[in-house]
Amino acid sequence: MRGLNLIPAGINVSFIPKRMIFFAFSAALVVASIGLFLSKGLNYGIDFQGGILIEVRTPQPADIRDMRGKLGGLQLGEVALQTFGAPTEVLIRIQRQEGDEKAQQAAVEKVKAVLDKDIEYRRTEFVGPKVSEELFLDGLLAVGLAIGAILIYIWFRFEWQFGLGAVIALTHDVVSTIGVFALMGFEFNLSTVAAILTIAGYSINDTVVVYDRVRENLRKYKKMPLVELLNNSINETLSRTVITSLTTLLALLALFFLGGAVIQDFAFAMIWGVVIGTYSSICLAVPLLLYLNVDRAGMMTGDQGDKGDEEAAAETAP
């Protein structure tokens, strides 16, 4: 019984020769993402912005205009309403009121007083400015520490050139994810930070697999041109990369379309992360090694370190 093979055996796609196209696309994507973040900004959720969040369910499809008119006369400051999944699900966001927790609770009671009595209140959350600022800084710290730890791991696992290439690709993934959220206007909250950290783990896993094959081939083929060697390494791991990405995407697409609006933004971030992480591992992390002066002599260790290209090729031939 033969296993699933989505990529034909012996495939040889020219990834490395087309590296300048990939570099140009990635640079444009990063610049556009930074521009969107600086100009449009992120739609920070209640976790980072502070305020009051109320989730309600109406017996009939919600009349957003009527609800907005009622809440607009309460003098509570900025009030935003949006449907949340089904037409009967509504999220009410209210800016933080001046005062302590009692002032926030008083605002919630005002909302309940003007809305219909048959509305079901499913969730009420309060986040103060100090807490939201701490959460935001903690989120940045978590992402920064994760990237730093990955750099150290790859450095010791391979060489510093590999670690630098992996971190550049990983930073590309994180920045582009933030850019997509700025473009789409999706809510950026702690769940999104968790998604970014998950994306980092997934992306680096793909990168390590390809890097491991690069290291093996550096030991086997001492005279092979580096461009050819890197391209072969990508193609040799391409089947594994594609199958892993597709199976992960199947689960994430199910979460996005069937999991409900609560986790939709998280699922979208993960879908984008899998796609861009797979791209960066193949088209960015490996080609960067050409410009980082990989020490081929340092890789010539192990059982096959002294064997020539022809002998190593004969051993791996079917």
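In the stretch 203-217, the residues that are in the same structural domain as Thr278 (by TED's automatic domain parsing) form Cβ pairs under 6 Å with partners that are among the acidic types (Asp, Glu) and assigned to a helix (DSSP H, G or I), at six or more places apart or across chains, as follows: Ser203/Asp173; Arg213/Glu236. What residue, among those in the stretch 188-227 that are of a type in the set (Lys, Arg) and outside any loop (DSSP other than H, G, I, E, B), is farthest from Trp160 (Cα to Cα)? The residue in question is Lys220. Would you confirm, using the coordinates I've provided, whether Ile168 is more than 30 Å from Gly85 (Cβ to Cβ) and either in contact (Cβ under 8 Å) with a residue 60 or more places away in the chain or touching a strand residue (DSSP E or B) at 6+ places or on another chain (Cβ under 8 Å) (or both)? So Ile168 fits the description; yes.
Restricted to helices (runs of 4 or more DSSP H) entirely inside the stretch 1-115, those with at least 2 residues that are small (Gly, Ala, Ser) and in contact (Cβ under 8 Å) with a residue 12 or more places away in the chain are 19-39. The set of residues in the stretch 77-93 being of a type in the set (A, V, I, L, M, F, W, C), over 16 Å from Val108 (Cβ atoms) and surrounded by fewer than 19 Cβ atoms within 10 Å (Cβ to Cβ) consists of Ala86 alone.
When the test is whether a residue is assigned by TED's automatic domain parsing to the domain that holds Leu36, crowded, with 21+ Cβ neighbours inside 10 Å, assigned to a helix (DSSP H, G or I) and not basic (Lys, Arg), Ala254 does not pass it.
The values are calculated or read from the model by the stated rules, or taken from the named source; none is laboratory data. Every value quoted in this text rests on a predicted model; they were computed, and no experiment measured them. No Cβ is skipped: glycine too gets one built from the backbone with ideal geometry, and neighbour counts run over all protein chains shown.
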